[in-house]
Amino acid sequence: MDAVIEKNKMKIEAEHINFFYGQTQALRDINLHIHRNEVTAFIGPSGCGKTTFLRLLNRMNDFVEGARLEGKVLIDGKNIYSKKTDIYELRKTVGMVFQKPNPFPKTIFENVAYGLRVNGIKDKRFINERVETSLKHAALWDEVKDNLNKSAYALSGGQQQRLCIARTLAIEPSVILMDEPTSALDPISTSKVEQLIYQLKDDYTIVIVTHNMQQAGRISDRTAFFYMGELIEYGKTKKIFINPKMEQTQNYITGRFG
Amino acid sequence: MKAFKNSLFKYLGIFSTVIGVVFLITLLVDVFHSGMSRISWDFVTGSLSRHAHMSGILPAIVGTFLIMLLTAVIAIPIGVGAGVYLEEYGKNNRFAAFLEINIANLAGVPSIIYGILGLQLFSRWMNLGASFLAGALTLSLLILPIIIVATRSALKTVPLSIKEASYALGATKWQTIWNHILPASLGGILTGIILALSRAIGETAPLIVIGAKVFVSVPNSVYDPYTVLPLQIFNWVSRPQEAFATNASAAIVILLLITFIMNFSAIYFRNKSQGRYK
Amino acid sequence: MSLKQRMFKERFVEVLLLLCAAVSIVTTLGIIFVLLKDSIGFFSKVSLWEFLTDTQWTPLFEDAHFGILPLLSGTFLITVIAILIALPLGMSIAIYLSEYADRKVKKIIKPFLEILSSIPTVVFGYFALVFVTPLLQSFIPGLAGFNSLSSGIVMGIMILPMVASLSEDALNAVPNSLREGSYALGSSQVQTAFKVVVPAASSGITVSLILAISRAIGETMIVAIAAGQQPRLTLNPLVPIETITAYIVQVSKGDVPQDSLGYQTIFAAGLTLFVLTFLLNSISFYFNKKFRAQYQ
């Protein structure tokens, strides 16, 4: 009975993931279940595969030449790498925010509306409402509501990143992937974005790759430690940080290597 | 001694530049000097004549603009399309690599060879004769590599981060190209197009080979015979009489005016399009 | 729109764009086919040996000769004169721009080069015939009205921007660290330029030279207007000659019946021209690869 309930909590299930770039193996036998409505952090030194694994979840790695995946990735029970998968639907369900804010060279309004437009939505009133809702959800509405027609580039770095989050929220994903979303931001913007992530988890499942362990400690419910393409340890954040099982985890957290 | 040699070479560089500048200025002064006197309203709007003094140049001016237009209509979609394919779709493709080499080669083929191709393919096989359409098709093939290369350069400047952001929102490849990549590269593509067209209207050799006549009036349809400014210049300069040489210089003034306006606007667009991304 | 519809649209667009790119293949195949077809007809009547060794080119005369050598020598002579002008001047400008000039000077010189390269070749031809030849005649007594000297000089100036800008690109690609190492040892700019930078950029400079030669060989209007229509096996720059390109123009303008042997000479000449420029461009491609491998 408990096992069944546990299974229903899993938003994303990755089983026996082996991932190759051409001849190089980037990920080795990864098994990971991501829980619904939680913030899961991926940590590990540079090049350990955490970003590679993140990008598997919305199939952004498809763009890389020679990329090959063995294993299954299930979201809501469905394998996203099957031949029948609608990639465009997948990317609406699983949104992504990037390390360096990358708004389009358009107005603030158009940035948020873009996702809706490419999915065929034309109703002006619907778009207006959705843009407003998304900007509110991203805690940016009050700062931009009178300037929706200004260029997105006029915003500060932190505001641009929140705009990118709003843009992602507009297409109503259920999972949000974040690849080091605050590493290019100043401390004040960082804390605003962290606050936002904490609020969003009630409605979304969030996976965040971060270099900053304190950040992982602050905002995540569960943490996965990656090293050299393998998943070394995964569990509730408090446990990982206070009482890790593996020696490598201990070494990384205490700063013996980075 | 070292310092002397150093300055010597510096002045050599300047001297070489000066030679080129003197040449250019002499050319422009000579042409404008003999040509300006011949340019009048009658000349610009009159029809061609076998008599030098009575000849106007309207058919050639109209012909130049019309052929520029038709060549643009043909070459721009194909050239930009090919550029987009090679840059956005063909990255991992052996076939695309082969196409790339092919295009690089075509860029170095002498223009008169394009004329021979046009002669057989368009004039004879497609039965277009010495028509306007045959000329435009031939010139289109000639400038295609220029447009393709310019398109690719412009496309390369669009940052990967913008493309990724678009894909991550569920956009397809074509949506990303149409909504982001093309608008962002428009300045560079436009510059390339203008330079290509500027080249096209200055070309003479291919049109001679196709059999363009020099004593015609303004064409009524694309199947009619036609003439363009370079052809008239060539025709007039080939005759011994002084009066024809003057006509030629007048026609050159007009042709250079058009060419320079086009090139300056290309530079304007190029400067405008730089500095788009922060 | 369903997934199937979306994927269909994507595939459709991709194929459409591929077809655009494939036009280039049609062009190349077209050129090869067109040149070969009538050349084969030509070579069935004139032996390759005769074509390559006969010293006279008189295909439209009663006593017809079909030796390409006179046309080749005309092309060669003009190309040599053009390169003798364009290479030293172009290289000097390139070295000056990359090793000496400051930004203000560059802002003047570069537009000038662009203007020069935008002028249609028929205008250069006019200038060669109407201005340069009479000018030279005033101090070279034996100079004919049509000759390869004027045409060669004018052509040299025409390809000057090409040599200058390609060479400058090659020189600019050499990393500054090499220059600094040389300066730190007490070398002057000119020493650094010639002993370090130019050798380092040699593949790139070779590319610019080869492309310039190829351009000179294929150039038509300057020679059609100012060099003459007398095929002649000579190295004398003061007399009229004829190049391959000018010959093709001459026959195209004339009234030679199509499909006659005389007409087919266009294709044999064109094929020769194509082979020459193709070889040169291929060699330059090889050097270009070498150059890129060094600095990228």
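Only the coordinates and a few stated rules stand behind these numbers; no lab work does. Note that this is a predicted model, so its numbers are computed, not measured. Note that we place each Cβ from the backbone using ideal geometry, even for glycine, and neighbour counts take in every protein chain shown.
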Please state the charge dipole magnitude for the stretch C:130-262, taken about the Cα centre, from unit charges on C-beta atoms (+1 on K and R, -1 on D and E), reported in debye and rounded to the nearest 20. 280
To the nearest 20 debye, what charge dipole does chain C have about its Cα centre, counting +1 at the Cβ of each Lys and Arg and -1 at the Cβ of each Asp and Glu? 1280
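Over all directions, how big on average is the projection of the convex hull of the alpha-carbon atoms in the stretch C:120-236, in square nanometres? Walk me through the numbers before you get to the answer.
On the way: hull surface 37.9 nm².
So the Cα hull casts an average projection of 9.5 nm².
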Using the Karplus curve 6.51 cos²θ - 1.76 cosθ + 1.60 with θ = phi - 60°, work out ³J(HN,Hα) for each residue of the stretch A:203-217 in order, rounded to whole Hz, and write x for Gly and Pro. 10, 9, 9, 10, 10, 10, 8, 9, 8, 9, 5, 4, 4, 4, x
Rounded to whole Hz and in sequence order, give me ³J(HN,Hα) for the stretch C:99-107 from the Karplus expression 6.51 cos²θ - 1.76 cosθ + 1.60, θ = phi - 60°, writing x for Gly and Pro. 10, 10, 5, 8, 4, 5, 5, 4, 5
Counting other chain Cβ atoms within 10 Å of each Cβ in C:243-254 and taking the mean gives 4
Separation between Cα centres of the stretch A:112-182 and the stretch A:30-80, rounded to whole Å: 25
Using the Karplus equation 6.51 cos²θ - 1.76 cosθ + 1.60 (θ = phi - 60°), what ³J(HN,Hα) coupling, rounded to whole Hz, does each residue of the stretch C:179-187 give in order, writing x for Gly and Pro? 4, 4, x, 5, 4, 5, 8, x, 7
Could I have the simple spin-label model distance between C:THR53 and A:LYS238, label points 7 Å from Cα toward Cβ, reported in nm to one decimal? 10.0
Hey, got the average number of other protein chain Cβ atoms within 10 angstrom for residues in C:158-166? 1
How far is the Cα center of the stretch C:2-16 from the Cα center of the stretch A:216-250, in Å? 43
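Determine the shielding of peptide B:83-94 by partner chains: average, over its residues, the number of Cβ atoms on other chains within 10 angstrom of each Cβ.
Values: counts 3, 4, 10, 5, 0, 2, 5, 4, 2, 3, 1, 0.
Partner-chain Cβ atoms within 10 Å, mean over residues of B:83-94: 3.
Can you flag which of A:LYS11/A:LYS192; A:LYS106/A:LYS150; B:LYS10/C:LYS104 are past 18 Å Cα-Cα? Numbers along the way, then the final one.
Values: A:LYS11/A:LYS192 26 Å; A:LYS106/A:LYS150 8 Å; B:LYS10/C:LYS104 16 Å.
The answer is A:LYS11/A:LYS192.
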So the label point goes 7 Å from the Cα of C:LYS37 along Cα→C-beta, right? Which residues of the stretch B:127-166 then have their backbone N under 15 Å from it? B:127-129
Positive-pole candidate from B:VAL80, B:THR17, B:ALA134, dipole of the stretch B:1-152, charges at beta carbon: B:THR17
When ranked by the protection proxy of mean other Cβ atoms within 10 Å per residue, highest first, what sequence do the peptides B:176-187, C:219-230, C:181-192 form? C:219-230, B:176-187, C:181-192
Cross-link partners of C:LYS37 among lysines (Cα-Cα below 29 Å; sequence separation of 8 or more within a chain): B:LYS213, C:LYS45, C:LYS253
Counting DSSP beta bridges in the protein assembly as shown, what percent are antiparallel, to the nearest 5? 60
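Would you please classify the overall shape of the stretch C:15-83 from the alpha carbon gyration tensor, given that a ≥ b ≥ c denote the square roots of the eigenvalues, rounded means a/c under 1.5, and beyond that prolate means a/b larger than b/c while oblate covers the rest?
Numbers: a/c = 3.97, a/b = 1.73, b/c = 2.30.
In terms of gyration-tensor shape, oblate.
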Using Cα centres only, tell me the gap between the stretch C:65-129 and the stretch C:26-56 in whole Å. 31
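Please compare each pair in A:LYS78/A:LYS145; C:LYS106/C:LYS290; A:LYS84/C:LYS289; B:LYS156/C:LYS106; B:LYS173/C:LYS107 to a cut-off of 31 Å on the Cα-Cα distance and tell me which ones are over it.
Values: A:LYS78/A:LYS145 39 Å; C:LYS106/C:LYS290 28 Å; A:LYS84/C:LYS289 43 Å; B:LYS156/C:LYS106 25 Å; B:LYS173/C:LYS107 40 Å.
Among A:LYS78/A:LYS145; C:LYS106/C:LYS290; A:LYS84/C:LYS289; B:LYS156/C:LYS106; B:LYS173/C:LYS107, the Cα-Cα distance tops 31 Å for A:LYS78/A:LYS145; A:LYS84/C:LYS289; B:LYS173/C:LYS107.
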Given points 7 Å out from each Cα along the Cα-Cβ axis, report the A:GLU15 to B:HIS51 separation in nanometres with one decimal. 9.7
Please report, in whole Å, how far the alpha carbons of chain B spread along each principal axis, starting with the longest. 69, 69, 33
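Could you size up the charge dipole of the stretch A:69-145 around its Cα centre, putting +1 on the beta carbon of Lys and Arg and -1 on that of Asp and Glu, and report it in debye to the nearest 20? Could you put the intermediate results ahead of the total?
Working: 15 positive and 10 negative charges, 51 e Å.
Dipole of the stretch A:69-145, to the nearest 20 debye: 240 debye.
Sort C:ARG215, B:ARG124 by Cβ crowding within 10 Å, fewest neighbours at the top. Don't jump to the answer; show the numbers that get you there.
Working: C:ARG215 21, B:ARG124 16.
Ascending number of Cβ neighbours within 10 Å: B:ARG124, C:ARG215.
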